[in-house]
Amino acid sequence: MAVLVSFDQVTKRFGDFTAVDGLSLDIHEREFFALLGPSGCGKTTLLRMLAGFEAPDGGRVTLAGQDLAGIPPYRRPVNMMFQSYALFPHMTVAGNVAFGLKQDGLARDEIAARVDEMLGLVQLRPLAARKPDQLSGGQRQRVALARSLAKRPKVLLLDEPLAALDRKLREETRFELKELQRRLATTFVIVTHDQDEAMSIADRIGVMNRGCLAQVGTPAEIYERPASRWVAGFVGDVNLIEGRVTAVYPSFVMVDRVGMRLRVAHAPVAPGPIAVALRPEKIRVSHAVPDGAFENGAAGTVADIGYLGTLSLYKVRLDDGLVLKAAVMNEQRAERPIHVNERVWLSWTPDAAVLLME
C-alpha cells in the first residue's frame, strides 16, 4: 500500500518538555493504525499535529505528499473524533451529523443524503430526531463517529474514542470500528493506552515511549517479537529472565542462569548478558519433571493462583527467588489440581522465548 501520512523527524516541545522527539513514521492508505503508549508519551500530540491543532517545532508532516505546514485544520482532508465526543446538546442527532457539511456550504439535498448515509452506516436512522441527552454512551459515540465521517476525510483520527464506554460495550465497539473501516476503505489512526484495544483492531501498531517510537509492527510482531524489555513489558504480560549467552549456534543459542539452562531458537547473538522474554501462556505447569527435561525448565513453589474464567494464572517462585507467571487454559489443566504452596515444574519449548538485548 502507498504511504498516505508521513512524519519526518518531527519534534514538538512544550517549554522544557519534549513531547515528540525526532520521530519518523509512515502510515499507509486504507490502514487502521494505532498509536499505543502510556500517558504522556506523545501519542495525542502526534495526532494533533496531523490534525493541525499543534505545529511541529522541527521536521515535516505530509499527507498524500503535501507538506501540511501552515494549512489550518479546517482545510486539511482530516477529521478528528475527540474522546469527549463534543456533540452539540441543542442539536438533534441528524443536526450534529450535518453540522460540518453545512459549514462547507453543501446543497441541502446533498446534506440530507449524506446524513442519511452516515446514520445508516452507524445504525442510528431511527434516532435521527433525538438529542444527545436522550442517547446512551454507545449511541453518542456512534453519532460522533458519523459526524467525523460525514465529510469523507482521507484520514480519520480517533483520540481514545472508546474510553467512556463500559468494558462490554467497548469490546463490542472495537469490532464494529474495524468492520466500518474495512467497508469505507478509509485510513483510521487511533490513539489508545489500552493494549487489548490496539491489538484487536489495528493492522499495525506504533508503540510510543517518551516521545519516541519504541517499535512499529503488526500486533503479532509486537507481541511475539518485542524489540526491547520495555515493549515486552508494556504489551501484554511477560516473564523476563536475565542471563548470559554462553554458546551460539546457527539456529539457536544457549543462555545460562543460576540453576537454569535455556535453549532459545533465535538468530545468533554475541555472547554476554541478555534477557529472555517468555509469555505466560507459553509455559507448561506440571507436577513431575517431564522426561529429558534438562533445558528450558525449572522447579518452584506455587505462590498464588488467579482464576480468570477461561484460564488460570499461576505465580511460581523458583528456588533462586525469581517469580514466573504461567497461564493455563482451564480445560487443559491436569486431572489432579495444583494448589498454592505445592511444588511444580515449569517447562517450555525452545521457540517459545525471545532474546532481548535492550
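Things to note:
- Contact map, segment 49-62: first residue closer than 10 Å to V10 by Cβ and assigned by TED's automatic domain parsing to the domain that holds V189, second residue surrounded by 14 or more Cβ atoms within 10 Å (Cβ to Cβ) and among the charged types (D, E, K, R), Cβ cut-off under 6 Å, separation 6 or more or different chains; pairs are P56/K12; D57/K12; D57/R13; G59/D8; R60/D8.
- Hey, L106 in a helix (DSSP H, G or I) and surrounded by 17 or more Cβ atoms within 10 Å (Cβ to Cβ) or not: no
- Some residue of segment 68-84 being in the same structural domain as K178 (by TED's automatic domain parsing), part of a loop (DSSP other than H, G, I, E, B) and closer than 23 Å to R182 by Cβ: yes
- Taking segment 162-278 as the region of interest, the helices (runs of 4 or more DSSP H) fully inside it that hold 2 or more residues being of a type outside the set (K, R) and over 30 Å from Y85 (Cα atoms) are 219-224, 229-234.
- Residue in segment 216-236 that is among the polar types (S, T, N, Q) and buried (at least 19 other Cβ atoms within 10 Å of the Cβ) present: no
- In segment 23-67, residue surrounded by the fewest Cβ atoms within 10 Å (Cβ to Cβ) [restricted to those that are part of a strand (DSSP E or B), under 17 Å from the mean Cα position of the chain (by Cα) and aliphatic (A, V, I, L, M)]: L25
- Evaluating P153 against the criteria (1) more than 30 Å from V20 (Cα to Cα); (2) part of a loop (DSSP other than H, G, I, E, B) leaves one unmet condition, (1).
- Top-ranked residue in segment 269-282 [being in contact with a Lys or Arg (Cβ under 6 Å, 6 or more places away or on another chain) and not small (G, A, S); ranked as surrounded by the most Cβ atoms within 10 Å (Cβ to Cβ)]: P280
- Condition check for P290: over 19 Å from S347 (Cβ atoms), surrounded by fewer than 18 Cβ atoms within 10 Å (Cβ to Cβ) and not assigned by TED's automatic domain parsing to the domain that holds D196: no
- Screening V248, V285 for residues that are of a type outside the set (K, R), more than 31 Å from the chain's Cα centre (by Cα) and either assigned by TED's automatic domain parsing to the domain that holds D351 or surrounded by 13 or more Cβ atoms within 10 Å (Cβ to Cβ) (or both) leaves exactly one candidate, V248.
- One residue stands out among those in segment 169-184 that are farther than 17 Å from G120 by Cβ and among the hydrophobic types (A, V, I, L, M, F, W, C): the one that is surrounded by the most Cβ atoms within 10 Å (Cβ to Cβ), which is L169.
The values are calculated or read from the model by the stated rules, or taken from the named source; none is laboratory data. This structure is a prediction, so every number in the text was calculated from the model and none was measured. Heads up, the Cβs are rebuilt from the backbone with ideal geometry, glycines too, and the neighbour counts pull from every protein chain shown.
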